[in-house]
Each structure stands twice: as C-alpha cells, then as structure tokens.
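Participant: Take a look at the following structure, please.
The values are calculated or read from the model by the stated rules, or taken from the named source; none is laboratory data. Here the structure is a predicted model, which means the values were calculated and not measured. Cβ: placed from backbone, ideal geometry, glycine included. Neighbour counts: every protein chain shown. Each accessible area value is taken on the protein alone, full model and side chains, heavy atoms only, with ligands, DNA and RNA left out. Shrake-Rupley method; radii C 1.70, N 1.55, O 1.52, S 1.80 Å.
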Amino acid sequence: MNNTILDIQDLKVEFPINIGTVRAVDGVSLKLNQGEVMGLVGESGCGKSTLGFSILRLLRPPGRIASGRILYHGRDIVSMDEKEVLKLRGRRIAMIFQDPLTSLNPLFSIGRQFVETLQTHEKGINKKQAILQAESMLESLGISKERLQEFPHQMSGGMRQRIMIGMGLILNPDLLIADEPTTSLDVIVEAQFLDLLADLCRQYNLTIILITHNLGNVAQLADRITVMYGGTLAEVGLSGDIFHTPLHPYTQGLLASIPNIKLDQPELSPMEGSPPDLVNPPTGCVFHPRCPQVMDICTRQRPPAFQKNGHQVSCWLYR
Amino acid sequence: MAEDLITVKDLKMHFPLQKGLLDNLLAREKLFVRAVDGVSFSIKKGEVLGLVGESGSGKTTTGRMILRLLEPTSGEVFYNGRSIFSYSKSEMEKLREKMQVIFQDPYASLSPRMSIGKAISHPLKIHALYDKQEAKQVCLTIMEKVGLSPASFLYKKYPHQLSGGQRQRVVIARALVTNPDFVVADEPIAMADVSVRAMILELMVKLKKEFDLTYLFITHDLATCKYICDRLAIMYLGRIVEIGPLAEVFKNPVHPYTATLLDAVPVPDPTYKRTHPIPKGEIPSAINPPPGCCFNPRCHLAQKSCREHEPELARVGEDHFVACPVMSIKLRS
Ligand SMILES: Nc1ncnc2c1ncn2[C@@H]1O[C@H](COP(=O)(O)OP(=O)(O)OP(=O)(O)O)[C@@H](O)[C@H]1O
Ligand SMILES: Nc1ncnc2c1ncn2[C@@H]1O[C@H](COP(=O)(O)OP(=O)(O)OP(=O)(O)O)[C@@H](O)[C@H]1O
Ligand SMILES: [Mg+2]
Ligand SMILES: [Mg+2]
C-alpha cells in the first residue's frame, strides 16, 4: 500500500477582516500518498494558495489556522513550535510560487543564492561543496553551470522558474508545493517545465501538490486531482476519473468551460454565476446557488464527502 | 467576397536599445530590438484574425502600430484602402472612434479612482460625441449589452468593487462605446479565471455579430482561437511564419513552429499523448536574431540552407501561406 505523507484533517483557515471573517479554507480533509502528484484546481479565490501556505504555516496575517490537523509523516504541523516548523520549511517541504522574480533576490547571483540556501540549512558545508551541489542541480534542470554567475534579471521567465524549482529542491525535500508555477509562462516553456517536474518527481521520489486554476495543465502530470470550491473540497479522484467521469456538478461545469483543442467541441459553455462570498457563504452546499441540479436539501445542509466509484465527492446527488 | 478592412504591408518596428555609458565611450555600434521585422497581412470586413505567438514575438507591437499608437520604423497600414499615416491629426481623431483596443490587464487599464460609468463614457467625452445626458444613456445601453447589469446600479461603482469578469466587461464596454468597426483585442482573457474566460469569449463572439465587428485577436493561447478566429497568423521573432484559415492551420500545420506550438497546448485529457517532442531551448533574442530562418536553431528539420536564406511566405494551399522552403518542397513532392 501507499505511504501517507500528508494527512490533512478538517482544516479551517480564517482571515478576520473588518467586515467579518473570510473562511478561506472551511473544513478540508485530504490525504496524500508518497510519490504522487496531486493537482489542486479551482477558481480564483477558492482557497488553493491558502491551503498550500497553511501546510508550511506561512499564512500571511491576519490569516490563522482556526482548527484541524495537518499530519506530516504522522506529526501535526499545526501544533508544532516555530523552531520545528522552520526545520521543515525548505528542508523537508519546499514551496515554489507563481512569480519567481519576487522570490529570487535580484541583487545576488544565482550561484550565491544557492550557496546561501545550502549554508543556512546544512551546517558544516563549505562553499566549494555548495557550489558543486548547485552545479549538479542546474545540470538536472537542463541549465549550463556557467549560468550560476548570472543574476535573475538576465534570465528568461522559463529559466527563472527552473532556478526556483532548483532552489526548492537543493535541500532534498520530499514534499513540493508548486503554486501556479507556470501561469506566467508561454505554452512551449510551460510544457518543458511540466516535463521537468514529472522527471524530478520520478528521480527524487517527490510528492507534489500542483496548484493551478487551469485543469488542462495538470491533466497529463497529476496522478490525482482535488477540485476546490469556495474553501471546500468538491471532488477528489484519479486524474482519469475526474476528466472522463466527473461527478460533482461543479467539476462538470469547470470541464465544460475549458477549451480543448483536440475535440470538436463547437462551443464553450461558461458556468453561470460567480464564486461565493466567503465572508457570508451560502447555507448548505456552497455551490448550490450556481448548481444546475440543486435540490431542496442542498440549500439547507452541507454535504459530507461521499465515496462513489472511487471518487470522493461532496454532493447530495451521491448520498 | 468581403473586402479588406485592414491591410498591413511590410511593417517593421526596430526599437533602439538604450546604450550604457560604457557603450558610448567605446563608441559601440547602436543596437536595435527587431520587435517586428517585416509583417504583411490583411483582415477582411467581419473577419477575426488571430495573431498568435510566444511572449516577445511582437504581437502587441504589431497591434499598436496598426492603431497608430506607435509610429513604425517602416511599412504601411491601410484602413479601408487608405494609409492611416496619411491622416491629419483631426482625421486621426475621428478614425480612433472606429479603431479601438481591448487590453490584456483590466487592473492596469482601469483607473481605480474613476467610477465604472465615467470610465466607459470617457471615450465619448474625448471625442465629444454626445451631450452629458446622451452620453450616460449610450453608456448604460452598452453596459447592458456586455452584461454589466443592472447598469444603473453598477454605473456608480469603482473597479475594486467588481469581480474580475465584470472588470473585463468594463474594458470591453469602453472599447465599444464609440461604435467602432475594428477592434484589436490584446490577450483579452489572459488574466482571467478559466470560468470567466469562457464567458468573455462567448460575449466577444456575440458582440461581433451584433455590432458587425472585425477583430485582430492577439493571444498566445491557440486553444481559445478555435472558438473565435476565422484565420490565424503565427508569429515568431517579429515575423509571420504561417498564415491561413483556422481549420486548415489546425488540421495541417505546415511550419514546424506551428506544429510545435499546437502540440504544446495543454490538453484537458489525461490519456492524451503528445505527438512531437517539446523542443529544447527558448526563443532567441530579437536583438541578434539568428541568420536565415529565425526558427532554425530550434527546428528539427533545419538544413544548411535554412541558416543562409531568410524564407519568404509561399502559398501551400487555399489562402494558406508558410515561410518554410523545406516543408513547401516536401508538400509539392
Ligand atoms: N491576507 C488576506 N486577508 C484577507 N483575505 C484573504 C487574504 N488572503 C486571502 N484571502 C481570501 O481568502 C480566499 C482564498 O484566497 P486564496 O489566495 O487562497 O485563493 P486561491 O484559490 O489561491 O486564488 P487564486 O487562484 O486567485 O490564487 C479569498 O477569498 C481571498 O480573498
Ligand atoms: N518600447 C519598447 N522599447 C524597446 N523594446 C521594446 C519596446 N516594446 C517592446 N519591446 C520589445 O519588442 C519585442 C516584442 O514585444 P511585444 O510586446 O510586441 O511582444 P508580444 O508578442 O506582445 O509579447 P507578450 O506575449 O509577452 O505580450 C520584445 O522583445 C520587447 O522586449
Ligand atoms: Mg493562489
Ligand atoms: Mg503582448
């Protein structure tokens, strides 16, 4: 059987703001198996990044974890003290962000940034060893080692994104959270990057959470897919199942609204309505105001996660 | 057959590169970014031409020159058969009502301090088309048409009070309020969420029919072209490498770059397998474009001749032109 690397249990994350409380993550339970790629998809504002940040306890104020547990190899990150979390961050769990320019230091060469990352985390490593490690990392990213001397602005977007992932992986973590890593990239560079991610996943037995709002991007790479809506999980399932037999009406709507160049799909069918207000979320199922198959119970009671044909789906249709 | 609304002839834009002090001291040769390097095409009345290419290929620069927001280094742009560079200043003002633009980023192109109503009717004010009351009426009508309803309620709102999809609608309404017949849509949905994208795309198709519009639709996303474009022009390093009817280019891409681009489009189907390997390397610099065919360093078909001669567009089928002699010869035999 697969080893569970991450076990999120009924996680709730809130942002108290002047007009109330944003329930950005509202009761999420999710298990990740070692070595799998999990695609985390959903519309803007549904809580994907917030979920990602909570795993590293990197929520921006006023965000806070209100309740729930995040077990990483069985140890609860939520209740760890700050020192322990610091040890996990970067070393065991790495995160890469949408815009590499904001996370690379523009004033230092790429090489220097690698060396500093290594030296702050690994006691006793000298500069020469650090450079050697950085060089071999660049090699596995398909970048020539001479470029260690360059500065971030001298590189293209695609190359910076690869450097970012290199920085993330240099300390040999086993869990990588990639938050929209390809949003700013062109299709070809994006395809190159996703190929690289797939290789690294195999090579390092990495577990990856790949956050994106574009379902198309994760289709080939992800083993499983989690669809989020309004701070909750709508559906979780194997990639093939989610794409070919989506169960949740939201997943179905999402799939119908993305263009597929390979299909003779004459028109797109956009979803009606807009995402929920997370300060005053709808009663019952958060999706019910937009749901074409809404029933009476949906407006009153929040659906639990039902098991159906291997999917985990939060929808009263499958009770 | 419909006539051409827009014709572009050998358009070039070479931006001079900012020189450093050292370059000046050493009297180094002046460098140029060849952003657009000899582009020709035409767009028929009522047609949607998709201009597709990677970041930095010169799409926006081309669009801006067609609208005369940027003076080209050389080349011509004709609107209804007349060169737009022959228009006087006041004639150009009038023409601007007819040629409008929708920008990529609704955040950047809307002023946060201007109400939605003000933003949309602003072009009417510039062109002094109506009195205040009339202008408001025109604005409310167009707001309803683009789905900003109830218009009288949203009229007084500010950009930050709207959703992403609504903001994008504001940008569209603003472009259409002067009743144009030609619109350059520069990545109108790139910033939007997937669900919003489909909505905006549908709206643009509807408005095109309703207002009899002609679009230049700029994008790097080939998949969305399928739902709106009649023809496609594929751009690479400031040049058009392939141009033809959408269905034809999708079914029979001839230029190796087009084939690559089509193949790299993410397909929302886990069982789909790519037919070509993804090319290594990246788009070269537009300051020192490679000699010969600009795609040769990344092309799996490249031959010696490709490094020596700059290819011209040649006909390969009905209304279908490609700048790749290797493939053209292959097709003929
Ligand atoms: N610092 C904050 N203060 C208040 N609300 C916040 C803050 N950060 C996020 N939120 C809210 O929490 C919700 C979830 O945001 P989050 O960034 O996790 O969404 P997302 O799914 O990552 O969206 P996107 O696709 O746009 O990145 C949103 O409604 C957002 O407005
Ligand atoms: N004002 C300018 N001065 C100097 N160089 C410029 C200027 N505007 C654009 N460029 C350069 O011209 C080239 C083409 O830019 P352009 O914005 O037209 O590309 P694009 O195809 O629209 O790309 P994107 O998809 O990123 O919007 C780029 O190399 C760019 O850096
Ligand atoms: Mg996010
Ligand atoms: Mg552009």
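Participant: Please specify each residue of the stretch B:199-228 satisfying the condition of being away from chain A (no Cβ under 12 Å) and not in a helix (DSSP H, G or I).
Facilitator: B:D212, B:L213, B:T214, B:Y215, B:L216, B:F217, B:I218
Participant: Right, something else. Contact list please: Cβ distance under 7 Å, first residue in the stretch B:51-69 and among the polar types (S, T, N, Q), second residue near ligand 4 (Cβ under 8 Å from one of its atoms), pairs at least six apart or on different chains.
Facilitator: Once the first residue is among the polar types (S, T, N, Q) and sits in the stretch B:51-69, its partners that are near ligand 4 (Cβ under 8 Å from one of its atoms) give B:T60/B:D186; B:T60/B:I218.
Participant: Could you please let me know if B:I126 is away from ligand 2 (no atom under 15 Å from the Cβ), of a type outside the set (K, R) and crowded, with 17+ Cβ neighbours inside 10 Å?
Facilitator: No: the conditions fail for B:I126.
Participant: Give the residue that is farthest from ligand 4 (Cβ to nearest atom), with candidates limited to residues of the stretch A:170-204 that are within 30 Å of A:I125 (Cβ to Cβ), more than 14 Å from the chain's Cα centre (by Cα) and aliphatic (A, V, I, L, M).
Facilitator: A:L171
Participant: Looking at the stretch B:35-53 only, could you name the residues that are within 14 Å of chain A (Cβ to nearest Cβ) and near ligand 4 (Cβ under 10 Å from one of its atoms)?
Facilitator: B:G53
Participant: Then there is this: Answer with yes or no whether B:K98 is open to solvent by 60 Å² or more (accessible area, probe 1.4 Å), touching a residue at least 60 places away in the same chain (Cβ under 8 Å) and among the charged types (D, E, K, R).
Facilitator: The answer is yes for B:K98.
Participant: Can you pull out every residue in the stretch A:251-280 that is in contact with a Pro (Cβ under 7 Å, 6 or more places away or on another chain) and more than 8 Å from chain B (Cβ to nearest Cβ)?
Facilitator: A:Q252, A:G273, A:P276, listed by residue number.
Participant: Here's something else I'd like to know. State which residue is nearest to the other protein chains (Cβ to nearest Cβ) when the search covers only the stretch B:164-198 and only residues that are more than 17 Å from the chain's Cα centre (by Cα), open to solvent by 30 Å² or more (accessible area, probe 1.4 Å) and more than 16 Å from ligand 3 (Cβ to nearest atom).
Facilitator: Looking at the filtered set, the residue picked out is B:Q166.
Participant: Can you tell me which residue in the stretch A:274-319 is modelled with the lowest pLDDT, limited to those that are under 21 Å from B:S163 (Cβ atoms) and of a type in the set (D, E, K, R)?
Facilitator: For the stretch A:274-319, the residue satisfying everything is A:D277.
Participant: Has the stretch A:16-27 got at least one residue that is under 23 Å from A:G237 (Cβ atoms), free of Cβ contacts under 8 Å to residues at least 60 places away in the same chain and more than 16 Å from ligand 3 (Cβ to nearest atom)?
Facilitator: no
Participant: Among the numbered conditions (1) assigned to a strand (DSSP E or B); (2) within 10 Å of ligand 1 (Cβ to nearest atom), tell me where A:S54 comes up short.
Facilitator: Result: A:S54 passes all but (1).
Participant: A further question follows. Scan the stretch A:291-309 residue by residue and report those that are open to solvent by less than 100 Å² (accessible area, probe 1.4 Å) and assigned to a loop (DSSP other than H, G, I, E, B).
Facilitator: Passing the criteria: A:C291, A:Q293, A:V294, A:M295, A:Q301, A:P303, A:P304, A:A305.
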